[in-house]
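The values are calculated or read from the model by the stated rules, or taken from the named source; none is laboratory data. All values derive from a computational prediction rather than experimental measurement. Every residue, glycine as well, gets a Cβ built from its backbone with ideal geometry; the counts of neighbours run over all protein chains shown. Remember, those area values only see protein heavy atoms, side chains included, never the ligands or the DNA or RNA. Shrake-Rupley method; radii C 1.70, N 1.55, O 1.52, S 1.80 Å.
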Amino acid sequence: MQVFREITWPIIAVIAAFIVGGLIVFALGDDPISAYWLLLSNSFGSLRDIGWTLHYATPLIFTGLAVAVAFRCGLLNIGAEGQLYVAAFATAWVGIKLGGTMVGNDSWAWASLPWFILVPLCIITAAVVGGIWGAIPGLLKARFGSHEVINTIMLNFIAIALVSYLTQYHYKNPGPILETPPIGEAAHIPRLNEFLPFLTTDVPLNVAFILALIMCVLVYVFLWKTKWGYELRAVGENASAAEYGGISPKKQIVVAMTISGALAGMVAIGEVLGTRYNYYHDFSAQWGFLGIAVALLGRNHPLGVLIAALFFGVLLRGEIFVDGFTRYVSKDLGFVLQAIMILFVACFQRYAKR
């Protein structure tokens, strides 16, 4: 019954959101059925569409897991956006400095490492740098009791401004766009169309999606099958009782925020190593904040996060066509549906606990 309730209320929230969204579309003067057909058919209409939907869902799986881990410890990580930004820049920096990057006739690299060293090094960099940025608000809360919501919000501004400065004044690729030079080819990770011939070459879905699925499994194992995960969840349920039982809440706060930051930082793997091949300012489509919605809709469970991220990927893919082929409805319909769903999930929270 517990599993049934966990699944039922998010589904009801989605259905209710679509009903309310349909009423809004109708009030604007468009046909809700046609709008939703555009939304869904262009997300699942072909293998190419599915590939794009999975591509949009990939960063949301990472950020959804990041927020879910923090939630399980009773924390709210609103800093995933900043964590993925610093991780993306650091990943690009490693790919440039150790990937043999040339800008014109000038070498910007210290070395040119082979792919089997450079790719793992870039992946580790993404997780470690994101984890360090996530650990900062964790340490501040554990040591001084400062609220993690305020800390993570402020660190978002610092992170984005910092990497913007470094890109603009130290690592900017010549030209009008605020971006770094390309990483070395040895740092590229394969796109799935190299292995799956039914995916067209314009679909940027890469092995980061496979890694995201693996992380769903690992996060589940960590939270529910290990002593460390049990301690983290115990602090989230009741910090005083956990401390009475010999568990250090301060330690678990730092651990949870570090793991959360590392998961958010892994967004850089797909974006820098598999899609853009550099750091591009404003590359994130608010994935850090959307991760909060994904975690809430997914009930802070890795499987729920995966399903919710795929659903949000449908909205992100389909809203482009809703914007282009309806008369009055813009792509903001996707944001409206996301917001309504979260409102319903919050309202149904009390019933899910009965």
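Listed by first and then second residue, the pairs linking a residue in segment 81-94 that is farther than 23 Å from Met154 by Cβ and among the small types (Gly, Ala, Ser) to a residue that is modelled with pLDDT of 95 or more and outside any helix (DSSP H, G or I), with Cβ atoms under 7 Å apart and 6 or more places separating them unless they lie on different chains, are Ala92/Thr180; Ala92/Ile183; Ala92/Asn278; Ala92/Tyr279. In this structure, Thr53 does not qualify as more than 20 Å from Gly324 (Cβ to Cβ), in a helix (DSSP H, G or I) and under 26 Å from the mean Cα position of the chain (by Cα).
Against the definition (without any contact (Cβ under 8 Å) to a residue 24 or more places away in the chain, β-branched (Val, Ile, Thr) and farther than 27 Å from Ala92 by Cα), how does Ile247 come out, yes or no? Yes; evaluated as a whole, the condition is true for this residue. Do we find a residue being open to solvent by less than 50 Å² (accessible area, probe 1.4 Å), modelled with pLDDT under 90, touching a helix residue (DSSP H, G or I) at 6+ places or on another chain (Cβ under 7 Å) and farther than 30 Å from Pro204 by Cβ anywhere in segment 2-23? Scanning segment 2-23, I find at least one residue that is open to solvent by less than 50 Å² (accessible area, probe 1.4 Å), modelled with pLDDT under 90, touching a helix residue (DSSP H, G or I) at 6+ places or on another chain (Cβ under 7 Å) and farther than 30 Å from Pro204 by Cβ, so the answer is yes. Could you tell me whether Lys353 is modelled with pLDDT under 85, surrounded by 15 or more Cβ atoms within 10 Å (Cβ to Cβ) and of a type in the set (Lys, Arg)? Taking the combined requirement at face value, the residue does not satisfy it.
With respect to Ile269, is the statement that it is in contact (Cβ under 8 Å) with a residue 24 or more places away in the chain, of a type in the set (Val, Ile, Thr), open to solvent by 40 Å² or more (accessible area, probe 1.4 Å) and within 17 Å of Thr125 (Cβ to Cβ) true? The answer is no for Ile269.
Every listed requirement among (1) within 20 Å of Ile292 (Cα to Cα); (2) in contact with a strand residue (DSSP E or B) (Cβ under 8 Å, 6 or more places away or on another chain); (3) among the hydrophobic types (A, V, I, L, M, F, W, C) is met by Ile150 save one, (2).
Scanning segment 186-211 for residues that are assigned to a helix (DSSP H, G or I), at pLDDT below 95 and either open to solvent by 40 Å² or more (accessible area, probe 1.4 Å) or of a type in the set (D, E, K, R) (or both) gives a single hit, Glu194.
Looking at this structure, is Phe312 open to solvent by 40 Å² or more (accessible area, probe 1.4 Å), modelled with pLDDT under 95 and not in a loop (DSSP other than H, G, I, E, B)? Criteria not met by Phe312. The sole residue among Ala339, Ala293 that is free of Cβ contacts under 8 Å to residues at least 60 places away in the same chain and either assigned to a loop (DSSP other than H, G, I, E, B) or more than 30 Å from Ile214 (Cβ to Cβ) (or both) is Ala339.
Within segment 139-169, being more than 19 Å from the chain's Cα centre (by Cα) and small (Gly, Ala, Ser) holds for Ala142, Gly145, Ser146, Ala161, Ser164.
Annotation: Val254 fulfils all but one of (1) touching a Lys or Arg at 6+ places or on another chain (Cβ under 9 Å); (2) open to solvent by 50 Å² or more (accessible area, probe 1.4 Å); (3) over 30 Å from Trp52 (Cβ atoms); the unmet one is (2).
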